[in-house]
1. When you go through Ala63, Ala72, Ala124 one by one, which is the residue that is in contact with a strand residue (DSSP E or B) (Cβ under 6 Å, 6 or more places away or on another chain) and free of Cβ contacts under 8 Å to residues at least 60 places away in the same chain?
2. What are the residues in the range 258-291 that are surrounded by fewer than 17 Cβ atoms within 10 Å (Cβ to Cβ), of a type in the set (Lys, Arg) and in contact with a helix residue (DSSP H, G or I) (Cβ under 8 Å, 6 or more places away or on another chain), if any?
3. Could you list, in sequence order, all residues of the range 156-198 that are of a type in the set (D, E, K, R) and without any contact (Cβ under 8 Å) to a residue 12 or more places away in the chain?
4. How many residues, within the range 18-56, are part of a helix (DSSP H, G or I) and in contact (Cβ under 8 Å) with a residue 24 or more places away in the chain?
5. Scanning for something out of contact with any His (no Cβ under 8 Å at 6 or more places or on another chain), closer than 15 Å to Val170 by Cα and part of a helix (DSSP H, G or I), does the range 267-280 turn up at least one residue?
6. Out of the residues in the range 57-78 meeting the condition of being more than 34 Å from the chain's Cα centre (by Cα) and of a type outside the set (Gly, Ala, Ser), tell me which one is nearest to Asp97 (Cα to Cα).
7. Any idea which residue in the range 315-339 is modelled with the highest pLDDT, counting only those that are under 20 Å from Val300 (Cβ atoms) and touching a helix residue (DSSP H, G or I) at 6+ places or on another chain (Cβ under 8 Å)?
8. From the set of residues in the range 86-116 that are over 26 Å from Cys155 (Cα atoms) and surrounded by fewer than 13 Cβ atoms within 10 Å (Cβ to Cβ), which is nearest to the chain's Cα centre (by Cα)?
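The values are calculated or read from the model by the stated rules, or taken from the named source; none is laboratory data. Since the model is a prediction, treat every value here as computed from it, not as a measurement. Cβ coordinates were reconstructed from backbone atoms using ideal geometry, including for glycine residues, and neighbour counts include every protein chain displayed.
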Amino acid sequence: MQLTAQLKLKPSPAQAGALDRTMAACNAACNRISEAAWDAKIFRQFDLHRLCYRTVRDEFAIAAQAAVRAIAKVSDAYKLDRNTQRVFRAHGAVCFDLRILSFDLEQSTVSIWTLDGRQTISFACGERQRELMQCQKGESDLCFVRGQWYLLATCTVADAQPASGPPLGVDLGIRNTAATSRGTLHCGAGRQQFKERRNKVRASLQSRNNRRARKALRRLSGRERRRVTWENHNLSKTIVAEAEGTQCGTIRMERLAGIRQRCKIRNKHTNRMMSGWSFGQLQSFVAYKAARCGIKIEYVEPAYTSQTCAACGVLGTRRGDVFSCTTCGKVHADVNAAVNIARGGVARPDRGKPSRTAAKCLAVSHCGN
């Protein structure tokens, strides 16, 4: 399993200048390689190496391995499609491998190749990142973000022993960010209020359209995204910890790909909530954290999980957070859906009587308990 450790570099002004010139030169080399590849219609890394290696080294005065990594970067960029010529920004991320980059964890320094020769630069990181760096293996990306230099190091972590136990169902939503089949609710009201405030601030600044407003927009850009990412990290930790604490061997979630295209958006408010719903990021965070604990991830079809009673399998009605069943009464709608998800989803039931699939799942669940 591969994870990424983020290290913050602390270069001196001279070292920062060397890093800046090196990054600009490597990306300029990528643009030169991309132009040659587009003109010759050659996109394989081996063929590009034969075509551009010597020219790039002579023109940009970069090291041999830096030229190899630039060629690989261009080749990877054309793997998505070959319909347009790829262009690389001057401050785009630059890849380094162990031939031109080495770490000294005891001294918290990194030795990195630049156009001005090898530079020894100190870095700062947390205990978790330092623990991951014990397993560092492979390439690292040099990034320049908001005036700060970072290294994103690839770390290969050993897979955990597979866990065994009943599945835990997780229902994702907007009103409640997540609900588990064990009855745990994670309210999303605070997140939606924060998003509404940020939207009002952006709308106010955009309506002014002057120099100060544009400067404020640039300063505030990314704040909402970073806040939501932080919340999703914390929420995913809580979900995986609950699965691990209750000895669940599998976490089951809904397969929500394409849900924005399937849903009918009635107004701007609903459209804004749906477009800002970060279920994919939360699911990816849960997936890699669960893999570290040996917990499997499964995805089930979401059809009728919120409309079917988890106790009897009859179609019911939902009003807000309340699910009403004519046979079993009222329960929390998201917890009811999470229980259906934990059982592997439901087939389309008939109104008024339990479906065969739901009744079978219920019987198997009772036998397991």
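1. From the options Ala63, Ala72, Ala124, the qualifying one is Ala63.
2. Scanning the range 258-291 gives Arg260, Arg272.
3. Once the filter is applied, which keeps residues that are of a type in the set (D, E, K, R) and without any contact (Cβ under 8 Å) to a residue 12 or more places away in the chain, the range 156-198 yields Glu196, Arg197.
4. 23
5. There is at least one residue in the range 267-280 that is out of contact with any His (no Cβ under 8 Å at 6 or more places or on another chain), closer than 15 Å to Val170 by Cα and part of a helix (DSSP H, G or I).
6. Top of the filtered list is Arg57.
7. Here the answer is Phe323.
8. Restricting to residues being over 26 Å from Cys155 (Cα atoms) and surrounded by fewer than 13 Cβ atoms within 10 Å (Cβ to Cβ), the top hit is Arg89.
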